[in-house]
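The values are calculated or read from the model by the stated rules, or taken from the named source; none is laboratory data. What you see is a predicted model; the values in this text were computed from it and never measured. Neighbour counts run over all protein chains shown; Cβ positions are idealised from the backbone, glycine included. Calculation scope for accessible area: heavy atoms of the full protein, side chains included, ligands and nucleic acids excluded. Shrake-Rupley method; radii C 1.70, N 1.55, O 1.52, S 1.80 Å.
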Amino acid sequence: MTSTEARQRIDALSKELEDHNYSYYVLSNPTISDYEFDMMLKELEKLEEEFPELAHVNSPTKRVGGDITKKFAEVVHDYPMMSLSNTYSKEEIEDFESRVRKLADGELEYVCELKYDGVAIGIKYVNGELVRAATRGDGVKGEDISTNVKTIRTIPMYVRGEGYPEEFEIRGEIFFPLKHFNALNAQRETEGEALFANPRNTASGTLKMQDSSVVASRNLDCYLYGVYSPQRVADNHFNSVQNAGSWGFKIPKREDNMIRLCKSIDEIMEFINYWEEKRHTLDFEIDGVVIKVNNYLQQEELGYTAKSPRWAIAYKYKAAEVTTRLENITYQVGRTGAITPVANLKPVLLAGTTVKRASLHNADQIAKLDLREGDEVYVEKGGEIIPKVTAVDLDKRPADSQPFVYATHCPECNTELIRLEGEALHYCPNENGCPPQIKGKMEHFISRKAMDIEGLGSETIEQLHEAGLIRTPADIYDLTADQLLPLERMAEKSVENMLKGIEDSKQVPFERVLFALGIRYVGETVAKKLVRALHTIEALMAADQEALVALDEIGDRIAQSVLEYFSVETNREMVLKLKEAGLQFEIPAEQLEGQTQKLAGQSFVISGVFTNHSRDELKQLIEQNGGKNTGSISAKTNFLLAGENMGPSKRQKAEKLGVEIISESRFEEMIA
Ligand code: IVH
């Protein structure tokens with residue numbers, strides 16, 4: 001393919017992918033299958049690797065992330081990012097209305113919008129193209145987080161439609177959709193990681209991460225609420241927002257009552273009351289409503305105070321909150337031994353559901369709030385499923401109240417708890433003797449993403465454990481029909497099914513078996529990485545800290561956890577027993593042919609045309625020798641494998657980042 005042909009194809013693919021992206025994420029109306037989309041994206045990735053000089057900074061390939069930002073550059077805002085003054089009552093809205101009427105001429109109209117509870121963002125477009133996305137910072141200066149913002153698929157890289165100014169800035173709020181936030185926490189729970197406290201702080205933390213591929217994986221979203229440009233293209237705010245919708249931005253829908261034009265206080269109050277009641281039906285958190293004077297000339301007339309516009313005001317909802325008695329604090333022991341304190345509350349109605357329990361996260365949280373059993377406490381419900389205890393009503397504290405003393409021993413097996421340095425959670429170290437850990441581990445072992453044993457569910461695990469038939473996952477493979485048939489609810493057919501399910505699970509690939517062992521921090525992805533790098537359980541068990549952290553994306557914490565797991569004799573014995581039972585503990589030979597670890601921990605970018613190998617062959621050679629292929633150069637890249645006709649921009653970038661540039665023959669020496 002010539003460079004001109006490649007450019008044409010890259011342009012066509014980029015346009016088509018962005019169109020589909022818009023249909024899928026902004027309009028929620030997909031027009032092609034995910035598979036077709038992925039195929040097009042792969043083709044584009046391949047072309048960009050082959051013709052790196054043609055790869056665009058705003059390519060749809062940037063949506064999946066991968067670029068690393070070591071330090072976010074400072075940005076001076078073109079228009080200061082101000083805040084809004086807050087109100088909490090109808091009277092204060094009336095005061096606002098009469099102030100506005102005094103200062104502005106003519107008939108007044110207001111736009112009511114939701115006050116999204118997320119992170120403010122200013123995104124600048126020049127000639128229809130995203131050039132910079134910055135955080136609010138102190139309002140005058142923020143940080144350039146463009147790389148991370150480009151992974152948010154509802155934010156266009158290129159403006160659609162027409163009539164947009166040559167240069168403009170879009171302001172909006174990035175938030176963590178609750179569906180994705182709760183899924184992330186559920187996943188962290190299964191992997192024994194501390195949970196994130198709330199969607200807003202997690203969105204904010206996510207946007208400051210160095211690795212944009214993690215940001216991409218979090219599925220953040222954005223609603224826009226303002227357009228700033230030197231030349232106005234609309235007379236009022238409402239039309240401006242509609243324009244922005246036609247340019248491809250995600251805007252609140254009028255038909256869902258997410259934005260409303262109001263002429264009177266009564267209409268404004270209707271909007272406020274509607275969302276006060278309905279806000280828990282949204283898939284994101286709001287903390288109030290924003291009321292803005294619609295007409296731009298009137299906005300100008302009203303002007304600004306030092307901190308906020310006089311033409312807008314926020315009506316803040318109080319969080320759905322009640323007080324109730326904290327009866328006592330108990331503990332839950334997870335499968336990895338993590339201890340979670342739980343507040344048992346006098347049942348109370350909150351935002352439509354009866355609340356009896358709330359998570360207290362960890363010992364520090366209890367100490368910070370000085371929670372004591374018997375206290376009257378404030379319970380709040382945000383977007384998360386689990387309500388939280390936010391404060392104590394000290395006036396109601398009983399005279400004989402005693403400070404709460406956190407457990408020193410496991411509430412289930414009485415083993416002394418440990419707390420690792422820098423970790424928020426206490427753990428029960430009695431992995432193989434603590435009942436909820438034993439059951440939890442077995443439930444994890446048989447779960448869908450692990451061994452996926454058909455005919456065997458959590459209830460049966462519980463029953464078999466109680467009948468003394470299984471104590472570790474390895475015991476599952478010793479079960480016989482004679483042992484099972486006498487048990488309650490066990491018919492011949494179900495026993496047959498279960499035994500077949502157990503037998504079939506012996507074919508489950510090694511990476512899933514490793515995940516099934518339930519080693520703390522070894523989730524699905526980490527298990528895959530370990531298996532691909534080390535190939536056999538023996539190699540994994542023999543690896544020391546140094547060898548483990550040398551592997552791609554394995555840090556100290558994971559390495560430590562793997563070492564600890566295999567340092568326990570009973571764990572080693574169980575693995576041996578599972579191996580003898582016939583489970584897969586290595587990659588099959590055919591997958592391993594020609595495999596070495598000569599390039600372990602090294603990442604490569606291939607660019608240009610080569611004499612002895614095609615680019616695909618080189619990629620395969622890198623992987624076969626334990627290395628990693630990446631599409632674009634970042635500070636993490638070790639080598640740029642350069643052929644002929646490599647674009648100058650790639651070379652410059654490699655030189656700037658200190659990435660070693662090697663030739664095909666040097667590469668051949670490396671793997672010889
Ligand atoms: S308009 C001059 N509209 O609330 C300020 N802000 O305290 C113009 N926010 O940091 C802001 N939803 O990030 C506006 N519909 C909305 C909003 C909104 C959330 C945030 C914004 C800002 C804070 C203002």
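Those residues that are β-branched (Val, Ile, Thr) and free of Cβ contacts under 8 Å to residues at least 12 places away in the same chain, I need them from the stretch 389-430; list them, please. Steps first, please.
Filtering the stretch 389-430 down to residues β-branched (Val, Ile, Thr) leaves 389-390, 392, 405, 408, 415, 418.
Correct list: Val405, Thr408, Ile418.
Which condition number does Asp283 fail, the rest of (1) farther than 30 Å from Asp138 by Cβ; (2) more than 16 Å from the ligand (Cβ to nearest atom); (3) open to solvent by 50 Å² or more (accessible area, probe 1.4 Å); (4) not in a strand (DSSP E or B) being met?
Against the list (1) farther than 30 Å from Asp138 by Cβ; (2) more than 16 Å from the ligand (Cβ to nearest atom); (3) open to solvent by 50 Å² or more (accessible area, probe 1.4 Å); (4) not in a strand (DSSP E or B), Asp283 comes up short only on (2).
Restricting to the stretch 226-243, what's the tally of residues that are of a type outside the set (S, T, N, Q), open to solvent by 60 Å² or more (accessible area, probe 1.4 Å) and either over 19 Å from Pro80 (Cβ atoms) or within 11 Å of the ligand (Cβ to nearest atom) (or both)?
Number satisfying all stated conditions: 3.
From the list Ala407, Ala343, Ala358, which residue is at pLDDT 95 or above, open to solvent by less than 70 Å² (accessible area, probe 1.4 Å), touching a strand residue (DSSP E or B) at 6+ places or on another chain (Cβ under 8 Å) and in a strand (DSSP E or B)? Lay out the reasoning, then the answer.
Working: Ala407 fails: in a strand (DSSP E or B); Ala358 fails: at pLDDT 95 or above.
When all the criteria are applied, what remains is Ala343.
If you go through the stretch 217-230 one residue at a time, do you hit one that is within 10 Å of the chain's Cα centre (by Cα), of a type in the set (S, T, N, Q) and at positive phi?
In the first step, residues of the stretch 217-230 are kept if they are within 10 Å of the chain's Cα centre (by Cα); the result is 217-220.
Still in the running and of a type in the set (S, T, N, Q): 217, 219.
Still in the running and at positive phi: 219.
Scanning the stretch 217-230, I find at least one residue that is within 10 Å of the chain's Cα centre (by Cα), of a type in the set (S, T, N, Q) and at positive phi, so the answer is yes.
Suppose we keep only residues that are of a type in the set (A, V, I, L, M), under 33 Å from the mean Cα position of the chain (by Cα) and outside any helix (DSSP H, G or I) within the stretch 636-669. Which one would you say is surrounded by the most Cβ atoms within 10 Å (Cβ to Cβ)?
Filtering the stretch 636-669 down to residues of a type in the set (A, V, I, L, M) leaves 640-642, 646, 654, 657, 659, 661-662.
Filter again for under 33 Å from the mean Cα position of the chain (by Cα), leaving 640-641, 654, 657, 659.
So of that shortlist, the ones also outside any helix (DSSP H, G or I) come out as 640-641, 659.
Working: Leu640: 23, Leu641: 26, Val659: 22.
Once the filter is applied, the top-ranked residue is Leu641.
Would you pick out the residues in the stretch 426-474 that are open to solvent by less than 50 Å² (accessible area, probe 1.4 Å) and on the phi > 0 side of the Ramachandran plot?
Scanning the stretch 426-474 gives a single hit, Gly455.
Could you count how many residues in the stretch 361-391 are surrounded by 17 or more Cβ atoms within 10 Å (Cβ to Cβ) and under 27 Å from the mean Cα position of the chain (by Cα)?
13
Quick check on my filter: what residues within the stretch 244-274 are within 16 Å of the ligand (Cβ to nearest atom), out of contact with any Cys (no Cβ under 6 Å at 6 or more places or on another chain) and assigned to a helix (DSSP H, G or I)?
Scanning the stretch 244-274 gives Ala244, Gly245, Ile272, Tyr274.
Pull up the stretch 389-404, narrow it to residues that are of a type in the set (Asp, Glu) and part of a loop (DSSP other than H, G, I, E, B), then point me to the one that is modelled with the highest pLDDT.
Looking at the filtered set, the residue picked out is Asp393.
Are any residues in the stretch 451-499 under 24 Å from Val522 (Cα atoms), among the hydrophobic types (A, V, I, L, M, F, W, C) and touching a Gly at 6+ places or on another chain (Cβ under 8 Å), and if so, which ones?
Of everything in the stretch 451-499, those that are under 24 Å from Val522 (Cα atoms), among the hydrophobic types (A, V, I, L, M, F, W, C) and touching a Gly at 6+ places or on another chain (Cβ under 8 Å) turn out to be Ile453, Leu456.
Of Ala642, Ala600, Ala654, Ala635, which residue is among the hydrophobic types (A, V, I, L, M, F, W, C) and more than 24 Å from Gly65 (Cβ to Cβ)?
Matching residue, one of Ala642, Ala600, Ala654, Ala635: Ala642.
Could you give me the residue pairs with C-beta distances under 8 Å whose first residue belongs to the stretch 541-569 and is β-branched (Val, Ile, Thr), whose second residue is not in a helix (DSSP H, G or I) wherever it lies, and which are 6+ apart or on separate chains?
If the second residue must be not in a helix (DSSP H, G or I), the pairs left are Val549/Gly555; Ile558/Tyr521; Ile558/Val522; Val562/Ile519; Val562/Val522; Val562/Ala543; Val568/Glu431; Val568/Asn432.
Run down Val149, Val159 and say which single residue is β-branched (Val, Ile, Thr) and away from the ligand (no atom under 15 Å from the Cβ).
Testing whether each residue is β-branched (Val, Ile, Thr) and away from the ligand (no atom under 15 Å from the Cβ) leaves just Val159.
Looking at Ser607, is it closer than 19 Å to Gly65 by Cβ and touching a residue at least 60 places away in the same chain (Cβ under 8 Å)?
No; evaluated as a whole, the condition is false for this residue.
Test Ser98 against the criterion of being closer than 27 Å to Asn198 by Cα, more than 16 Å from the ligand (Cβ to nearest atom) and more than 30 Å from the chain's Cα centre (by Cα), and give yes or no.
When the stated conditions are applied, Ser98 does not pass them.
What single numbered condition from (1) away from the ligand (no atom under 16 Å from the Cβ); (2) surrounded by fewer than 21 Cβ atoms within 10 Å (Cβ to Cβ) fails to hold for Thr87?
Only one criterion is unmet by Thr87, namely (1).
If I filter the stretch 66-79 down to residues being open to solvent by 80 Å² or more (accessible area, probe 1.4 Å) and either touching a residue at least 24 places away in the same chain (Cβ under 8 Å) or over 29 Å from Ser229 (Cα atoms) (or both), which single residue comes out as farthest from the ligand (Cβ to nearest atom)?
Of everything passing the filter in the stretch 66-79, Lys70 is farthest from the ligand (Cβ to nearest atom).
Name the single residue, out of those in the stretch 515-544 being closer than 21 Å to Thr472 by Cα and out of contact with any Phe, Trp or Tyr (no Cβ under 9 Å at 6 or more places or on another chain), that is surrounded by the most Cβ atoms within 10 Å (Cβ to Cβ).
Per the stated criteria, the residue is Phe515.
Go through the residues of the stretch 38-48 one by one and say whether even a single one is assigned to a loop (DSSP other than H, G, I, E, B) and either open to solvent by 70 Å² or more (accessible area, probe 1.4 Å) or within 16 Å of the ligand (Cβ to nearest atom) (or both).
Within the stretch 38-48, none of the residues are assigned to a loop (DSSP other than H, G, I, E, B) and either open to solvent by 70 Å² or more (accessible area, probe 1.4 Å) or within 16 Å of the ligand (Cβ to nearest atom) (or both).
How about the stretch 597-609: which of its residues are under 34 Å from the mean Cα position of the chain (by Cα) and surrounded by fewer than 19 Cβ atoms within 10 Å (Cβ to Cβ)?
From the stretch 597-609, those under 34 Å from the mean Cα position of the chain (by Cα) are 597-607; that's our starting set.
Once the filter is applied, which keeps residues that are under 34 Å from the mean Cα position of the chain (by Cα) and surrounded by fewer than 19 Cβ atoms within 10 Å (Cβ to Cβ), the stretch 597-609 yields Gln597, Lys598, Ala600, Gly601, Gln602, Ser603.
In this structure, does Glu431 turn out to be at pLDDT 90 or above and within 30 Å of the chain's Cα centre (by Cα)?
No.
Out of all the residues in the stretch 548-563, is one or more open to solvent by less than 60 Å² (accessible area, probe 1.4 Å) and either within 30 Å of Met1 (Cβ to Cβ) or over 31 Å from the mean Cα position of the chain (by Cα) (or both)?
No, the conditions are met nowhere in the stretch 548-563.
Do we have Thr323 as in contact with a Phe, Trp or Tyr (Cβ under 7 Å, 6 or more places away or on another chain), of a type in the set (S, T, N, Q) and more than 16 Å from the ligand (Cβ to nearest atom) here?
Against the criterion (in contact with a Phe, Trp or Tyr (Cβ under 7 Å, 6 or more places away or on another chain), of a type in the set (S, T, N, Q) and more than 16 Å from the ligand (Cβ to nearest atom)), Thr323 qualifies.
Pro60 passes all but one of (1) away from the ligand (no atom under 16 Å from the Cβ); (2) more than 24 Å from the chain's Cα centre (by Cα); which number fails?
The one condition Pro60 does not meet is (2).
Given the stretch 133-237, what strands (runs of 3 or more DSSP E) lie entirely inside it while holding 2 or more residues that are out of contact with any Asp or Glu (no Cβ under 9 Å at 6 or more places or on another chain)?
Where strands (runs of 3 or more DSSP E) fall fully within the stretch 133-237 and carry at least 2 residues being out of contact with any Asp or Glu (no Cβ under 9 Å at 6 or more places or on another chain), they are 167-175.
So in the stretch 302-319, with the set limited to residues that are more than 11 Å from the ligand (Cβ to nearest atom), touching a residue at least 24 places away in the same chain (Cβ under 8 Å) and over 20 Å from Phe238 (Cβ atoms), which one is most open to solvent (accessible area, probe 1.4 Å)?
Lys318
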